[in-house]
Amino acid sequence: MSKVYNFSAGPSVLPLPVLERVQKELLNYNGSGFSILEASHRDDDFMKIIADCQVKFKKHLGIGDNYKVLFLGGGASTAFFQIPMNLLSKDETADYIDTGMWSNKAYKEAGRYGNAKIVASSKEKNYNYIPQDVEKSFTPGAKYRYLCSNNTIFGTRWNSFPKSPDAPLIGDFSSDILSRKVDFSDFGIIFGGVQKNLAPAGATFVVIREDVLSQCNADLPSMCSYKLQADNDSMFNTPPVFSIYVMNYVLDWLEELGGVAAIEKTNLQKAKMLYDTFDGSSIYSPTVPNAADRSIMNVTFVLPNEDLTKKFLKEAGAAGFSNLKGHRSVGGCRASIYNAFPMEGVEKFVDFLKTFEKANK
Ligand SMILES: *Cc1c(COP(=O)(O)O)cnc(C)c1O
């Protein structure tokens, strides 16, 4: 098979050395004589994997022991309702910053439990920017403040986060977790699905600060209670075993590369190569005008018309660049270049972009 560069937005590319390691030991894990896929989640082997994974994840995030790491099921979409279910009551307000489809979905779920309020939005420009000076619209006494760190669909990201000293920030980091250094000190909850930057689909990470955990509603169905899940170290029931097992190796891979600081440098370089190409082009336009707001994970761009877009996607696919079609709400194209997406793939794609431009000007 010739090499295909997979620009899928999620689930997405995984580091090749990790896939090879998984393949190598898939039939016989650690000399057990059976696969990790067949092991009990209460076996010592898996108990060690999940414990290691929690420790490594915290280390990469740069957070202290005042945070608890949970690996749950249900995806980020479950956290959308689970967070207000745990934290918000009818007479309380939670501030939501609406920067795209995912934060808007989370906002709608919160309305079931309390007073969810959109304090800033970029909806009127089809979410092509990140609102500024949002602090001045914050509700005094809000229970928490919610944002989505990287807007997978619209190709924007928070370059620097708003300050919220009086109420915990809650961040959906599904599509840029461990892609860049973040000061998490204002964040009470960091969560996301693992299937973009960490592992195959299955697990949802919920990293929750002790003071926020202690405010969680304890009187909830067991599977919905963050307190109960934390008391049971994510092992109240069967956790998403395979996803956690692979994530543990992805974290090793990241460590070997030099950690978040090193991958951030590479990610910035990869993104810059694409944005530079688009900014200097007569046929490609980035959909996000302000450079500071541009995602370094999901690079969205358009061509002048539908026919040329179709031709572009077809020829790109044939040249080994797959899954470049943009989300239907933006149209055009999207190159998702997560941590595991190789630099060499971006370089070759830039060559392709230039060749295509010359032939189609
Ligand atoms: C993909 C994505 C989601 C949805 O995740 P699921 O695990 O499928 O529920 C939520 N938020 C963001 C930012 C995403 O990129």
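Bear in mind these aren't lab numbers, they're just calculated from the coordinates by the rules spelled out. Values in this document were obtained by computation on a predicted structure and should not be read as measured data. Because the Cβ atoms are built from the backbone with ideal geometry, glycine has one as well, and the counts that use them run over all protein chains shown.
I want the antiparallel fraction of DSSP beta bridges within segment 147-250, as a percent rounded to 5.
So the antiparallel bridges in segment 147-250 amount to around 55 percent.
Per residue and in Å³, how big is the convex hull formed by the alpha-carbon atoms of segment 240-319?
Each residue corresponds to 157 Å³ of Cα convex hull volume.
Can you tell me, using C-alpha contacts under 8 Å and at least 6 residues apart, the relative contact order of the chain as a whole percent?
22 percent
L70's amide H: which non-local residues (gap 5+, or another chain) put their own amide H closer than 5 Å, with H modeled 1.01 Å from N in plane and none for Pro or chain starts?
Amide H neighbours of L70, under 5 Å, 5+ apart: V206, V207, I208.
Anyone know which of D186, D65, D176 comes out most mobile in the 10 Å Cα GNM of the chain?
D65
Find which of T355, G188, G155 sits farthest along the positive direction of the dipole of the chain, computed with +1 on the beta-carbon of Lys and Arg, -1 on that of Asp and Glu, about the Cα centre.
So the residue we want is T355.
Kindly give the semi-axes, whole Å and largest first, of the ellipsoid equivalent to segment 286-361, taking each as the square root of 5 times a Cα gyration tensor eigenvalue.
So the equivalent ellipsoid measures 18, 16, 12 Å along its semi-axes.
Give the Rg/Rh ratio for segment 168-207, taking Rg as the radius of gyration of the Cα atoms and Rh as the Kirkwood radius, to two decimals.
0.97
Over its Cα atoms, what ratio of radius of gyration to 2.2 N^0.38 Å does segment 69-121 give?
In units of the 2.2 N^0.38 Å rule of thumb, it is 1.11.
How large is ³J(HN,Hα) for each residue in segment 226-240, as worked out from phi by the Karplus curve 6.51 cos²θ - 1.76 cosθ + 1.60 (θ = phi - 60°), to whole Hz, x for Gly and Pro?
5, 4, 5, 5, 5, 4, 9, 6, 6, 10, 4, 10, 6, x, x
To check you understand DSSP bridge types, tell me what percent of the beta bridges within the chain (both residues inside) are antiparallel, rounded to 5.
So the antiparallel bridges in the chain amount to around 50 percent.
Quick check: Cα centre of segment 127-198 to Cα centre of segment 68-94, how many Å?
Distance between centres, Cα-based: 15 Å.
Mind jotting down the three principal axis lengths of segment 134-286 based on Cα atoms? Whole angstrom, largest first.
For segment 134-286, the Cα extents along the three principal axes come out at 59, 43, 27 Å.
By its C-alpha gyration tensor, with a ≥ b ≥ c as the square roots of the eigenvalues, how is segment 213-361 shaped: rounded for a/c under 1.5, else prolate for a/b larger than b/c, else oblate?
Verdict is prolate for segment 213-361.
Quick one: check the C-alpha center-to-center distance for segment 347-361 versus segment 1-55, whole angstrom.
Each part's Cα centre sits 36 Å from the other's.
Using alpha-carbon positions, what is the distance between the centroids of segment 290-313 and segment 225-273, in Å?
After rounding, the separation between the Cα centres reads 28 Å.
Semi-axes, largest first, in whole Å: what does sqrt of 5 times each Cα gyration tensor eigenvalue give for segment 100-139?
Rounded to whole Å, the semi-axes are 19, 15, 6.
What are the semi-axes of the equivalent ellipsoid for the chain, taken as the square roots of 5 times the Cα gyration tensor eigenvalues, largest first, in whole Å?
Computed over the chain, the values are 33, 28, 16 Å.
With +1 assigned to the C-beta of every Lys and Arg and -1 to the C-beta of every Asp and Glu, and no other charges, what is the dipole magnitude of segment 11-59 about the Cα centre in debye, to the nearest 20?
Its charge dipole is roughly 300 debye.
Amide H of C148 versus every other amide H placed in the peptide plane: which residues, excluding those fewer than 5 positions away on the same chain, fall under 5 Å?
Excluding prolines and chain starts, which carry no amide H, the hits are T99, D172.
Mind checking which of N305, N323, N159 has the largest fluctuation in a GNM of the chain, springs on alpha carbons under 10 Å?
Answer for the Gaussian network model of the chain: N305.
Ratio to report: Rg/Rh of segment 93-181, with Cα atoms as the point set and Rh obtained by the Kirkwood method; give two decimals.
0.93
Is there a quick way to get the dipole size of the chain? I mean about its Cα centre, with the Cβ of Lys and Arg at +1 and of Asp and Glu at -1; what is the value in debye to the nearest 20?
1060 debye
Once amide H atoms are built 1.01 Å from N in the peptide plane, which residues 5 or more positions from I118, or in another chain, come under 5 Å H to H?
Y96
For a bin width of 5 Å, list the pair-distance distribution of segment 180-248 built from all Cα-Cα distances, rounded to whole %.
3, 15, 22, 23, 20, 13, 3, 0
What residue among P17, S32, T78 has its Cα farthest toward the positive end of the dipole of segment 1-105, where the charges are +1 on Lys, Arg and -1 on Asp, Glu, each on the Cβ?
P17
From the phi of every residue in segment 32-38, what ³J(HN,Hα) in whole Hz does the Karplus formula 6.51 cos²θ - 1.76 cosθ + 1.60 yield, where θ is phi - 60° and glycine or proline is x?
6, x, 9, 7, 4, 5, 9
Quote the charge dipole size of segment 48-101 about the Cα centre in Debye, to the nearest 20; the model charges only the Cβ of Lys and Arg (+1) and of Asp and Glu (-1).
So the dipole magnitude of segment 48-101 works out to roughly 440 debye.
Among T156, T238, T266, which one moves the most in a GNM of the chain with springs linking Cα atoms closer than 10 Å?
Of T156, T238, T266, the most mobile in the Gaussian network model is T238.
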